[in-house]
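Please treat every number below as a calculation from the coordinates, not as lab data. In this text, all values refer to a predicted model and were calculated from it rather than measured experimentally. FYI the Cβ positions are ideal-geometry reconstructions off the backbone, even for glycines, and counts take in every protein chain you see.
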Amino acid sequence: MAERRSAEHALAIERRVVGEDWYGRELGADDRFERVLFADCDFTEVVDQGAAFDGCEFRNVRFNVSQHSDAAFTNCVFSGCTFFDASFTRCKLVGSVFGDCEWNLTRVDGGNWSFTELRGADLRGAVFTGARLREADLTGARCAGATLRDLDLSGATFTRADFTGCDLRGSDLTGLDPLAVQLAGAIITVDQAITLAEGLHLDVRAE
């Protein structure tokens, strides 16, 4: 199991990058960063194809309109970061923690986001499709109107999350307690409706 970190957890930072402008920089598989603190940096329109960040902290970093594919951000902490119109394709963010981040128009396609901490995250303008979020912490997450399709959410924590009007089709909802979240207007499939009904201990029959 990946180590679950909290925003208060002190990472073993070995290097600091403060106030740097990486606007439009291109990153690749040869770019590897471990235990680096990035503070007040501009990653706007960065094109990242396979870079690896492990045990890093991102504090007030702007990821706006950045593109990340086959990249890794493992066991990282993100605080006060903005991901406006950013995209993550087949990326690995296992064990990372997000606090007070902005997700408007963020797009996630595939990849592994298992054991991530997204407590209270405002995902209302985000689109997540086909990704693994096993045992992710979505406690109190605001997902009204978001798209969370075809996600592996097995073992995830959903308490007090708001899925009002959220497109949840194809996602694993077996661990979701319908009485502990807001689901009004959520878009689901017939199979998911049966799963939720069984979660309410209803006796679902065909006739």
Based on this model, can you work out whether Gly155 counts as under 22 Å from Leu200 (Cα atoms) and surrounded by fewer than 20 Cβ atoms within 10 Å (Cβ to Cβ)? yes
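Here's the yes/no breakdown for (1) closer than 21 Å to Ala126 by Cα; (2) in contact (Cβ under 8 Å) with a residue 40 or more places away in the chain; (3) more than 16 Å from the chain's Cα centre (by Cα):
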{"position": "Asp30", "(1), (2), (3)": "no, no, yes"}
{"position": "Phe33", "(1), (2), (3)": "no, no, yes"}
{"position": "Val36", "(1), (2), (3)": "no, no, yes"}
{"position": "Ala39", "(1), (2), (3)": "no, no, yes"}
{"position": "Thr44", "(1), (2), (3)": "yes, no, yes"}
{"position": "Val47", "(1), (2), (3)": "yes, no, yes"}
{"position": "Asp54", "(1), (2), (3)": "no, no, yes"}
{"position": "Asn60", "(1), (2), (3)": "yes, no, yes"}
{"position": "Asn64", "(1), (2), (3)": "yes, no, no"}
Taking the range 155-207 as the search range and keeping residues that are free of Cβ contacts under 8 Å to residues at least 12 places away in the same chain and of a type in the set (Gly, Ala, Ser), which one is farthest from Ala121 (Cα to Cα)? Ala206
With respect to Gly185, is the statement that it is out of contact with any Asp or Glu (no Cβ under 9 Å at 6 or more places or on another chain), among the small types (Gly, Ala, Ser) and closer than 16 Å to Leu118 by Cβ true? no
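Return the residues of the range 102-127 that are of a type in the set (S, T, N, Q), free of Cβ contacts under 8 Å to residues at least 24 places away in the same chain and in a loop (DSSP other than H, G, I, E, B); say none if nothing qualifies.
Asn104, Thr106, Thr116
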State which residue is nearest to the chain's Cα centre (by Cα) when the search covers only the range 131-177 and only residues that are among the acidic types (Asp, Glu) and in a loop (DSSP other than H, G, I, E, B). Glu135
What is the number of the single condition among (1) more than 24 Å from Thr44 (Cβ to Cβ); (2) surrounded by 23 or more Cβ atoms within 10 Å (Cβ to Cβ) that Arg169 does not meet? (2)
Subset of the range 106-120, residues under 9 Å from the mean Cα position of the chain (by Cα) and either of a type in the set (Asp, Glu) or more than 15 Å from Arg132 (Cβ to Cβ) (or both), comes to Glu117
